[in-house]
Protein chains: 2
Amino acid sequence: MTTEQPREFFDVVLNQRACRSFDQREVDDSLIEQILTAATHAPSAENLQPWVFLVVRDDAQRARVGDLTRRAWNSGGREHSASRLSPEMMKDVDQGAEFGTQEAPVTIVLCGDATIGLDMTLPSSVFPAAQNLLLAASALGLGSTMTTLATMFAQELSTILDLPDSVRPMAVIPIGWPKRPLGPPKRLPLSERAHRDRYNNPW
Amino acid sequence: MTTEQPREFFDVVLNQRACRSFDQREVDDSLIEQILTAATHAPSAENLQPWVFLVVRDDAQRARVGDLTRRAWNSGGREHSASRLSPEMMKDVDQGAEFGTQEAPVTIVLCGDATIGLDMTLPSSVFPAAQNLLLAASALGLGSTMTTLATMFAQELSTILDLPDSVRPMAVIPIGWPKRPLGPPKRLPLSERAHRDRYNNPW
């Protein structure tokens, strides 16, 4: 159930932000269905739609997936990030890696099927669907964040989810109601990342 | 200049479709700026924003980039796709690969900077920005399509655009006004790609 009103496209896109703390309210299947429908309307190479969505609600299954994220974070991830992130962001990412998948009632594991798409084009065919999924969650007032830590243990993730060999886990996305309002996203000015006609010719 | 009205989020997402034929009308910088702003509001690993946008308007530069797409298409791409695509889609993709970059007044080459992000996380950090870019173009009534053919000649693309070694070209996206209205996208039913808790347990 959502009380959200329809939202304007740019309002959603310019205010999307990672959510890493969730409250315990349930998320209806009807909302997950809207989110997945948005995801599957992303483009893909040759329109082959090589994405595979594992919607994990079962507590034991979510805990197993969450354990992999936590393990990746505690066996190198935290150390790698500690020197690079602001203390504020580090605290938020730490909360997400430790408890995010546990708190959110739904975890979506997004995969690419290498028997449908080419390995070479799976990233350009699957991550746009992930972005549609995250945006749709935002549009409905839900919190979410794209994580890839658990994919470091792809084989164990595959075992937990009974994935065939050809189905490659690419992202783990918790979905739930945000514990607190999310502030605006922080971004660099366009001029630092955009060039005209040639690199180093500023936009 | 656009005459488009603000559009609802799901209306944009559920109607996005690849455009491969463009008319010759100019596309204002102000529209490109709205599109890039949307792109840079995508999430990225550690919020490092490792994307780099080359906005190519110069005719000679666009022709050089277009030549690479055409060459990749004619040296294997067409043959690979011919046995897999419907005749209707094959015709459209063929038109796009041969003439798309030439017809559209703007080509955006989207790259990932490996000195900012890790090589491992560039795809999950750059393709979501590509999707925001494509969606924003749709929201403004513009046509676009994500192509990766030219990245088969990454070294030549880098030479054309003066890219440093660390900046990896990942997608080439023509932007222009659609030559004709785009129909609705065609997608498989959700049940063919979504599973509950475990693979082969249908959603």
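The values are calculated or read from the model by the stated rules, or taken from the named source; none is laboratory data. Predicted, not measured: the structure shown is a model, and the values here were computed from it. Glycine also receives a Cβ, built like all others from the backbone with ideal geometry; neighbour counts cover every protein chain displayed. With ligands, DNA and RNA removed, areas are computed over all heavy atoms of the protein, side chains included. Shrake-Rupley method; radii C 1.70, N 1.55, O 1.52, S 1.80 Å.
Data overview
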quantity: Protein-protein interface of the stretch A:58-102, residues with accessible area decrease of at least 50 Å², isolated chain reference, 1.4 Å probe; calculated: A:ARG84
quantity: Gaussian network model of chain B, springs between alpha carbon atoms under 10 Å - residue of B:ARG64, B:ARG17, B:ARG193 with greatest fluctuation; calculated: B:ARG193
quantity: Choice from A:ILE32, A:ILE173, A:ILE160 showing the highest fluctuation, given a GNM over chain A with Cα pairs closer than 10 Å; calculated: A:ILE160
quantity: Chain A - convex hull of the alpha-carbon atoms, volume per residue in Å³; calculated: 149 Å³
quantity: GNM top mover of B:ALA97, B:ALA39, B:ALA60 - chain B, alpha-carbon springs below 10 Å; calculated: B:ALA60
quantity: Candidate lysines - alpha carbon under 23 Å from B:LYS91, same-chain residues fewer than 8 apart omitted; calculated: B:LYS179, B:LYS186
quantity: J(HN,Hα) series, the stretch A:55-69, from Karplus relation 6.51 cos²θ - 1.76 cosθ + 1.60, nearest Hz, glycine and proline x; calculated: 8, 9, 10, 3, 4, 5, 5, 4, 5, 5, 5, x, 4, 5, 4
quantity: Accessible area buried, both sides summed, chains B and A with 1.4 Å probe, Å²; calculated: 6700 Å²
quantity: The protein assembly as shown: radius of gyration and largest Cα-Cα distance (Dmax), Å; calculated: 20.2, 58
quantity: Estimated inter-spin distance, B:MET89 and B:TYR199, nm [label 7 Å along Cα→Cβ]; calculated: 2.3 nm
quantity: Rounded FRET efficiency, nearest 0.05, which uses the C-beta distance separating A:ASP67 from B:LEU190 and R0 of 22 Å; calculated: 0.20
quantity: Shape category assigned to the stretch B:85-203 from the gyration tensor of Cα positions, a/c cut at 1.5; calculated: oblate
quantity: Label point 7 Å beyond Cα of A:GLN5 along Cβ direction - residues of the stretch A:124-141 with amide nitrogen under 19 Å; calculated: A:138-141
quantity: Å² per residue, accessible surface of chain B at 1.4 Å; calculated: 42 Å²
quantity: Summed side-chain charge close to A:GLY96 - residues other than A:GLY96 whose Cβ falls under 15 Å, Lys, Arg +1, Asp, Glu -1; calculated: +1
quantity: With every protein chain in place, the protein assembly as shown: carbon and sulfur % of accessible area (1.4 Å); calculated: 52 percent
quantity: Stokes-Einstein D (µm²/s) once Rh is taken as the Kirkwood radius of the stretch B:19-131 over alpha-carbon pairs, at 4 °C in 1.567 mPa s; calculated: 82 µm²/s
quantity: Residues losing 40 Å² or more accessible surface upon assembly, the stretch B:157-183, compared with the chain by itself, 1.4 Å; calculated: B:ASP162
quantity: Total formal charge among the other residues, if their Cβ is under 15 angstrom from that of A:CYS111, Lys/Arg +1 and Asp/Glu -1; calculated: -3
quantity: Efficiency of FRET from Cβ geometry, A:GLU156 and B:THR159, R₀ 41 Å, rounded to 0.05; calculated: 0.45
quantity: Under-5 Å amide H pairs with B:ARG7, H placed in peptide plane, nonlocal only; calculated: A:PHE9, A:PHE10
quantity: Cα-based equivalent ellipsoid of the stretch B:154-203: semi-axis lengths in Å, sorted from largest, via gyration tensor; calculated: 38, 23, 6
quantity: Residues losing 20 Å² or more accessible surface upon assembly, the stretch A:4-18, compared with the chain by itself, 1.4 Å; calculated: A:PRO6, A:ARG7, A:GLU8, A:PHE9, A:PHE10, A:VAL13, A:LEU14, A:GLN16
